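K.L.:
Before I ask anything, let me first share the structure, which is written out below as structure tokens.
The values are calculated or read from the model by the stated rules, or taken from the named source; none is laboratory data. None of the values given here were measured: they were computed from a predicted structure. No Cβ is skipped: glycine too gets one built from the backbone with ideal geometry, and neighbour counts run over all protein chains shown. Side chains included, ligands, DNA and RNA excluded: accessible areas come from the protein's heavy atoms. Shrake-Rupley method; radii C 1.70, N 1.55, O 1.52, S 1.80 Å.
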Amino acid sequence: MSSLASRNTRTERPSGPASRATSARFARRIGYAASLLPTALLTPALVAAGRSDLARAWWARVDEQDPAALSSTRRPGAWRLSGHALMSVPLGLLALIPVGVEILFVLRGVLYPVFEHGPYDHAWGGPSMAGAWAAHFLIGLALAAAGLGALWLLNRLHSRLAGWTWGRKVGAGPVCALPVLFTAGVVLVIAWTHQL
């Protein structure tokens, strides 16, 4: 009976510190994905200035590596860091799409009445301002959640692709996913700009 009770407690959802740690890790991964492009563009400048240690430390945090635990043979040098940054540029450009969705949620969902002064006769949720605001907020909330999920997935893909930087093998799946996702992102942006 006691073994059954102990098994049931293991299947419960984490609460307290474990739940906060999971939430913090999720938020960190989203932040790292959102900052891929500026970090990738800054890395060659750091390498050229002789500060590869700063670039290596930043990429180690992004890729969830412990640079102190890596042997000198697995620690990426200047060329490998620059190659890693170059590989991260397409993912950083892709990350701009969900980051833009988050910004639009704030501007067109949360702050809808500030930027749209009416009349709301033809707006989603209209003709009242409260209805239009609620409709835009709820639609934006769903898109914002999808945007956060997309940033998390981009961070996971980046971590898989970054394996070669830290001496791990990278399978064909992540390598093939990068051009497919980048092409899909370009098509999405083109379609969205033509819709405006």
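K.L.:
Would it be correct to say that A95 is more than 23 Å from T43 (Cβ to Cβ), in a helix (DSSP H, G or I) and open to solvent by less than 80 Å² (accessible area, probe 1.4 Å)?
P.N.:
No.
K.L.:
Continuing with the same structure: Only residues that are within 30 Å of A184 (Cβ to Cβ), among the aliphatic types (A, V, I, L, M) and touching a Phe, Trp or Tyr at 6+ places or on another chain (Cβ under 7 Å): list them for the range 106-138, please.
P.N.:
Within the range 106-138, L107, V110, A135 qualify.
K.L.:
Does the range 62-75 contain at least one residue that is at pLDDT 80 or above and either closer than 30 Å to V101 by Cβ or surrounded by 10 or more Cβ atoms within 10 Å (Cβ to Cβ) (or both)?
P.N.:
no
K.L.:
May I pose another question? Looking at the structure I just gave you, is L36 among the hydrophobic types (A, V, I, L, M, F, W, C), open to solvent by 70 Å² or more (accessible area, probe 1.4 Å) and closer than 20 Å to N155 by Cβ?
P.N.:
So L36 does not fit the description; no.
K.L.:
Further question: Quick check: anything in the range 78-91 among the aliphatic types (A, V, I, L, M) and not in a helix (DSSP H, G or I)?
P.N.:
So far as the range 78-91 goes, no, none of its residues is among the aliphatic types (A, V, I, L, M) and not in a helix (DSSP H, G or I).
K.L.:
All but one of (1) touching a Pro at 6+ places or on another chain (Cβ under 9 Å); (2) open to solvent by less than 50 Å² (accessible area, probe 1.4 Å); (3) part of a loop (DSSP other than H, G, I, E, B); (4) not hydroxyl-bearing (S, T, Y) hold for G149, so report the exception by its number.
P.N.:
All conditions are met except number (3).
K.L.:
Quick check on my filter: what residues within the range 101-119 are in contact (Cβ under 8 Å) with a residue 12 or more places away in the chain and either open to solvent by less than 30 Å² (accessible area, probe 1.4 Å) or in a helix (DSSP H, G or I) (or both)?
P.N.:
The answer is V101, E102, L104, F105, R108, G109, V110, Y112, P113.
K.L.:
Taking the range 136-162, which residues are over 14 Å from L91 (Cβ atoms) and of a type outside the set (A, V, I, L, M, F, W, C)?
P.N.:
Residues satisfying the conditions are H136, G140, G147, G149.
K.L.:
Looking at this structure, is G131 without any contact (Cβ under 8 Å) to a residue 12 or more places away in the chain, among the small types (G, A, S) and outside any helix (DSSP H, G or I)?
P.N.:
no
K.L.:
Right, something else. Please tell me if A162 is surrounded by fewer than 17 Cβ atoms within 10 Å (Cβ to Cβ) and either farther than 22 Å from A55 by Cβ or not acidic (D, E) (or both).
P.N.:
Against the criterion (surrounded by fewer than 17 Cβ atoms within 10 Å (Cβ to Cβ) and either farther than 22 Å from A55 by Cβ or not acidic (D, E) (or both)), A162 does not qualify.
K.L.:
Shifting gears a bit: Of everything in the range 169-183, what is surrounded by 12 or more Cβ atoms within 10 Å (Cβ to Cβ) and under 13 Å from P90 (Cβ atoms)? Give them in sequence order.
P.N.:
Listed by number, the residues that qualify are P174, V175, A177, L178, L181, F182.
K.L.:
I'd like the full set of residues that are open to solvent by less than 70 Å² (accessible area, probe 1.4 Å) and under 32 Å from the mean Cα position of the chain (by Cα), limited to the range 120-129.
P.N.:
A123, G125
K.L.:
Here is a further query. What is the number of the single condition among (1) within 18 Å of the chain's Cα centre (by Cα); (2) at pLDDT 80 or above that R51 does not meet?
P.N.:
The failed condition is (1).
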